[in-house]
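Accompanying notes for the structure given below.
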Amino acid sequence: MVAPSALASGEDLQVPTEGIPVRTDWTGVYVGANLGYGWGDAAKGKTSLASDTNCISVRTLLECVIVLGIAPADNAYHSVHYRGVAGGPQIGFNFQSRAFVFGGIADFQGTSIRGSSSDTTPAAAFTQTFYSSDQLRLVEQVRSVNPGVDVQQGLTAEVIGLATIRARAGLATEDYLFYGTGGLALGRVRSTISFARPALAFLDPLSINGSRDSVKVGWAAGGGMEYVLSSEWSVGVEYLHFDLGQQNVKAVTSSGQGVTPGLAVSVAQSFSGNIIRAALNYHF
């Protein structure tokens, strides 16, 4: 039997509090890490040939058609669908006023988001977009000498890294924070292109490749939620859409290939995508 004095002192009536979320104010600085999955499209813009020379003139048009086997086209390459894992560190701050929470966050993700496309297209399927009737007749005359020419096109796109600096604003309800977010995005992207055609009359087969690696500036926006684990820790999920704009990649013939140098195949790629991820944060 418990002595009345013990009951009165409350020594045996202490309620355990470990594991019960106690954080009620989101104000402060936090650091953490995130891991998720990204996907999207490197949409193909206009495809052009001979960007380093002028394929509009009859003389260089003849070179383009004979050496490359095709004329400028809009449908030579297809969009690249890419996907992969993304993850990295983050740091941010919050300020809470009643149920409203405002703040900012900066993060960096290394990614394996990558994709490729490969196609074989009959030269006759390529569309001419800006030739006069005389130039089009010249194209058809060259094709009549080399019927059934197929060209092979390869294209890859990769988001190597993605960093964002964003504002956040939302509502806190008990142990949850629901927010929207948007701001600046910086991404390192890489494009590669290949072009190949078989032998044409007296010309040997031709294969050219090119690549471009650059840092692009764009935007990112999305939303998410966080849940309090303790006075120091929280977990959350977040969705982001990013758009890094466009870059051109081209493959150019060189003098060492035994063909007219400077003829180029160029493709414009637009980089955009989505990331959904989980995050763990430590609050100071």
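Quick note: the coordinates plus some simple rules give every number you see, no bench work behind them. It should be emphasised that the depicted structure is a prediction, and the values quoted were computed from it without experimental measurement. Glycine also receives a Cβ, built like all others from the backbone with ideal geometry; neighbour counts cover every protein chain displayed.
The stretch between PHE108 and LEU280, if pulled fully straight at 0.36 nm per residue, gains 60.5 nm over its current Cα-Cα span. Remark: the PHE100-ALA169 segment gains 24.1 nm on full extension, using 0.36 nm per residue and subtracting the alpha carbon distance. Between SER207 and SER79, the modelled label-to-label distance comes to 3.0 nm, taking each label 7 Å out from Cα in the direction of the beta carbon.
Between SER117 and ILE91, the simple label model (points 7 Å from Cα in the Cβ direction) yields a spacing of 4.0 nm.
For a footprinting-style exposure proxy, rank TRP26, TRP219 by other Cβ within 10 Å, fewest first.
Going from sparsest to densest Cβ surroundings: TRP219, TRP26.
Using 1/(1 + (r/R0)^6) with R0 = 35 angstrom and r between the beta carbons of TRP39 and SER254, what's the FRET efficiency to the nearest 0.05? That pair, TRP39 with SER254, gives E of 0.45. As a proxy for reagent exposure, ILE113, ILE91 were ordered by neighbouring Cβ count within 10 angstrom, fewest first; the result is ILE91, ILE113.
Stretching the chain fully between TRP219 and HIS241 yields a gain of 7.1 nm (0.36 nm per residue, less the alpha carbon separation).
In the neighborhood of ARG188, defined by Cβ-to-Cβ distances under 14 Å, what is the net charge if each Lys or Arg adds +1 and each Asp or Glu adds -1? Mind showing how you got there, number by number?
Details: positive: ARG114, ARG190, ARG212, LYS216; negative: GLU158, ASP213.
Every neighbour counted, the sum reads +2.
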